[in-house]
Amino acid sequence: MELHVFKYPHPILKQKAKPIKKIDAALRDLVVRMFALMYETEGVGLAANQVGLPLQLCVINPTGDKAKPEEEVVLINPVIRRRKGSAEESEGCLSFPEIHASVVRPDAIEIEAISLNGEVRSFAWKGFLARVAQHELDHLHGVGFIDRLTPTVLLSIKEELEALEIEFESNRRLGFLPSEEEMLKQWDQAEINAWVGASSRT
Ligand code: ZN
């Protein structure tokens with residue numbers, strides 16, 4: 001199945017991702033396809049729930065340049081261990097096309113995550129990479145960057161958000177968007193269950 005980015009206000013973006021228990025060839029293939037989609041849509045990070053998969057997985061390349069694969073980072077089941085400082089920068093999101101807004105976040109973080117080789121790895125990041133990673137981790141918890149805005153900043157993008165809501169509703173009415181249930185059914189459930197473990201099935 002071809003991947004595409006789900007846009008606000010699709011309910012899948014509010015879904016909390018499940019921890020991955022098995023890394024196999026199919027998951028590695030998914031990572032390759034997520035990177036391809038991220039470059040194609042000119043992003044620097046992409047979380048699995050943005051492509052409709054409730055998995056604790058995100059891909060990042062802070063350069064957004066596919067010619068620099070050495071900058072690629074894959075985070076599986078990531079956890080932020082430490083946060084330091086505070087910084088305010090403008091952010092955008094592939095699920096909120098053409099909207100940019102100022103977000104205050106910790107400036108430095110330490111993250112622990114599983115790599116594609118199944119190894120536990122720790123990262124200490126500062127600045128832009130720390131910001132991108134926090135943005136992607138938020139997605140995995142069903143949190144979008146608009147949930148991090150001050151009321152004033154949120155008000156300043158109200159019209160753009162309403163435009164996305166109207167577009168979403170009309171796409172749904174015209175049948176261009178599958179429902180959340182249909183969408184999950186479209187994916188091979190056996191495959192998802194193999195990654196997250198049968199006990200996580202809800
Ligand atoms: Zn995003």
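The values are calculated or read from the model by the stated rules, or taken from the named source; none is laboratory data. Everything quoted here is computed from the prediction, not taken from an experiment. Here Cβ is always computed from backbone atoms with ideal geometry, including for glycine, and neighbour counts include all displayed protein chains.
Could you say which residue among GLU110, GLU160, GLU89 is of a type in the set (D, E, K, R), surrounded by 15 or more Cβ atoms within 10 Å (Cβ to Cβ) and not in a helix (DSSP H, G or I)?
Numbers: GLU160 fails: not in a helix (DSSP H, G or I); GLU89 fails: surrounded by 15 or more Cβ atoms within 10 Å (Cβ to Cβ).
Going through GLU110, GLU160, GLU89 in turn, the sole match is GLU110.
Report every pair of residues separated by at least 6 positions or lying on different chains whose Cβ atoms are under 6 Å apart, first residue within region 43-67 and within 13 Å of VAL32 (Cα to Cα), second among the hydroxyl-bearing types (Ser, Thr, Tyr).
LYS66/TYR39
Looking at LYS18, LYS66, can you tell me which residue is of a type in the set (D, E, K, R), within 17 Å of GLU112 (Cα to Cα) and either in contact with a Lys or Arg (Cβ under 9 Å, 6 or more places away or on another chain) or away from the ligand (no atom under 13 Å from the Cβ) (or both)?
On the way: LYS66 fails: within 17 Å of GLU112 (Cα to Cα).
When all the criteria are applied, what remains is LYS18.
Among the residues of region 42-84, count how many are in contact with a strand residue (DSSP E or B) (Cβ under 9 Å, 6 or more places away or on another chain) and either of a type in the set (Val, Ile, Thr) or surrounded by fewer than 14 Cβ atoms within 10 Å (Cβ to Cβ) (or both).
11
Within region 115-143, track down each residue that is in contact with a helix residue (DSSP H, G or I) (Cβ under 8 Å, 6 or more places away or on another chain), in contact (Cβ under 8 Å) with a residue 12 or more places away in the chain and surrounded by 18 or more Cβ atoms within 10 Å (Cβ to Cβ).
TRP125, HIS135, HIS139, LEU140
Hey, could you check region 119-147 for residues that are within 16 Å of the ligand (Cβ to nearest atom) and among the aromatic types (Phe, Trp, Tyr) and say which is nearest to the chain's Cα centre (by Cα)? Lay out the reasoning, then the answer.
Of region 119-147, the ones within 16 Å of the ligand (Cβ to nearest atom) are 128-147.
So of that shortlist, the ones also among the aromatic types (Phe, Trp, Tyr) come out as 128, 145.
Numbers: PHE128: 16, PHE145: 11 Å.
Applying the filter and picking the extreme gives PHE145.
Where residues in region 164-200 are out of contact with any helix residue (DSSP H, G or I) (no Cβ under 6 Å at 6 or more places or on another chain) and not in a helix (DSSP H, G or I), which of them is modelled with the highest pLDDT?
LEU174
Residues being surrounded by 13 or more Cβ atoms within 10 Å (Cβ to Cβ) and more than 28 Å from ILE20 (Cα to Cα): count how many of those fall in region 92-107. Full working, then the answer.
Here is the first cut: in region 92-107, the ones surrounded by 13 or more Cβ atoms within 10 Å (Cβ to Cβ) are 92-97, 99-107.
Subsequent filtering for residues that are more than 28 Å from ILE20 (Cα to Cα) retains 97, 99-104.
The number of residues fulfilling the criteria is 7.
Need pairs with beta-carbon distance below 6 Å; first residue farther than 14 Å from GLU42 by Cβ and within region 88-103, second among the acidic types (Asp, Glu) and within 12 Å of the ligand (Cβ to nearest atom); sequence gap 6+ or separate chains.
Listed pairs, sorted by first residue: VAL103/GLU91.
When you go through (1) in a loop (DSSP other than H, G, I, E, B); (2) within 16 Å of the chain's Cα centre (by Cα) one by one for LEU116, which number turns out not to apply?
Among (1) in a loop (DSSP other than H, G, I, E, B); (2) within 16 Å of the chain's Cα centre (by Cα), the lone unmet condition for LEU116 is (2).
What do you reckon, is PHE35 within 25 Å of GLU165 (Cα to Cα), within 16 Å of the ligand (Cβ to nearest atom) and aromatic (Phe, Trp, Tyr)? It would help to see each step written out before you state the result.
Details: within 25 Å of GLU165 (Cα to Cα): no; within 16 Å of the ligand (Cβ to nearest atom): yes; aromatic (Phe, Trp, Tyr): yes.
Judged against the criteria, PHE35 is not a match.
Filter region 1-38 down to the residues that are among the small types (Gly, Ala, Ser) and not in a loop (DSSP other than H, G, I, E, B), then identify the one that is modelled with the highest pLDDT. I'd like the intermediate steps shown before the answer.
So in region 1-38, the residues among the small types (Gly, Ala, Ser) come out as 17, 25-26, 36.
Okay, now just the ones that are also not in a loop (DSSP other than H, G, I, E, B), so 25-26, 36.
Working: ALA25: 93, ALA26: 91, ALA36: 98.
Checked region 1-38; the qualifying residue modelled with the highest pLDDT is ALA36.
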